[in-house]
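To start, the structure itself, in C-alpha cells.
All of the numbers you see were taken from the coordinates with simple rules; none came from a lab. Being a predicted model, the structure only gives us computed values, none of them experimental. Using ideal geometry, Cβ is built from the backbone for each residue, glycine included, and neighbour counts are taken over all protein chains shown.
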Amino acid sequence: MKNTLIILLSIASNYCLGQNDLEIRIVNDTIKKVSYFDQNNIVYNITNNSEKNYLLILDAAEFNEDPEYAVEPFFIGLPDYYLYEKNKLLSPMFSFGASNTNSHPQFDLSSKEFQKFRKQFLKEYDEFEMKIAYRISKKIIIIKSKEKKIFSTKVNFPSYMGRYFNMENSKDYYFQVSLQSPQELISKYYKVLQNKNKELEPIIFTGQIFSNKIPLIYKVYNNQ
C-alpha cells in the first residue's frame, strides 16, 4: 500500500510538471485536401523545454482511430487529432467497415521476446493486460532536456479508419494534434515504464498536451 501511494504521488507531481515542460507543434502551415481519396502527411514535433528528461508513450505510426476522444487502454500512445469548423469542435462518427486492427496485438505472442516479458511481469497483469503492457514497452520514447523530436503521420479526411467527419467543401476548418496519457493508465503500467533508461531518470509524462491549430482547406472535386 505504501509503495502504491508513493507511485501515485510521484505521477501526480509529474503531471503538473509535464504540462508546462513539453510542447507539441504541427510543422505544416496548411493542410490541403483536393481529392476525397488523398492522404495528408502531418509533420509535428515534440519539444522538451525543461531541464529534465521525459519519458513518453508514443506510437507515431498512425493516429487514434477511436471515434471517442477518451483513450482506451490499447490505444494509449497513439496521438489524437481534433477538427474544428471555425471555432466549433466537430464530433467524429464511427466509420463502418473502415476500422483498423490497432486494437489487437500486432506482434508474435509466441516469440521469445514476448515470453520473456510475460515471465517478468506475470504477477502484475492478466493475459489481456500483458498484451497492453508489452505494446507500451515497445512504444517508449525518451526526450532529453531541451531536445526536439520530429514525427510524421498520414491521415485522411473526412474518413480515417474508424472515424468519419461530416465535412463540406469550402468551409473553414482547422486541425489540431494532441497527445494524452491518462494518469490512471500510467499508474496501472508503471512497473513497465520505471525500468526504462534508469541512468537518465526520466519523468513519466501524464496528462494531455495540445498543438497549435492550422488551417485545413477542404475543397475536393469528388466528394459525394
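Within the straight-line cut-off of under 21 Å between alpha carbons, the lysines reachable from Lys86 are Lys32, Lys33, Lys171, Lys213, Lys219, sequence neighbours fewer than 8 places apart in one chain being disregarded. Within the range 133-224, the GluC sites (Glu not before Pro) that combine a DSSP coil assignment with at most 16 other C-beta atoms in a 10 angstrom radius are Glu147, Glu168. Full extension of the chain between Thr47 and Lys116 gives 21.5 nm of extra length, using 0.36 nm per residue less the Cα-Cα distance. Note on the range 172-206 and the range 21-89: Cα centroid distance 14 Å, given to the nearest whole angstrom. Measuring against 29 Å, Cα to Cα, the residue pairs Lys148/Lys196; Lys154/Lys198; Lys116/Lys148 contain Lys154/Lys198; Lys116/Lys148 as the ones spanning a longer distance.
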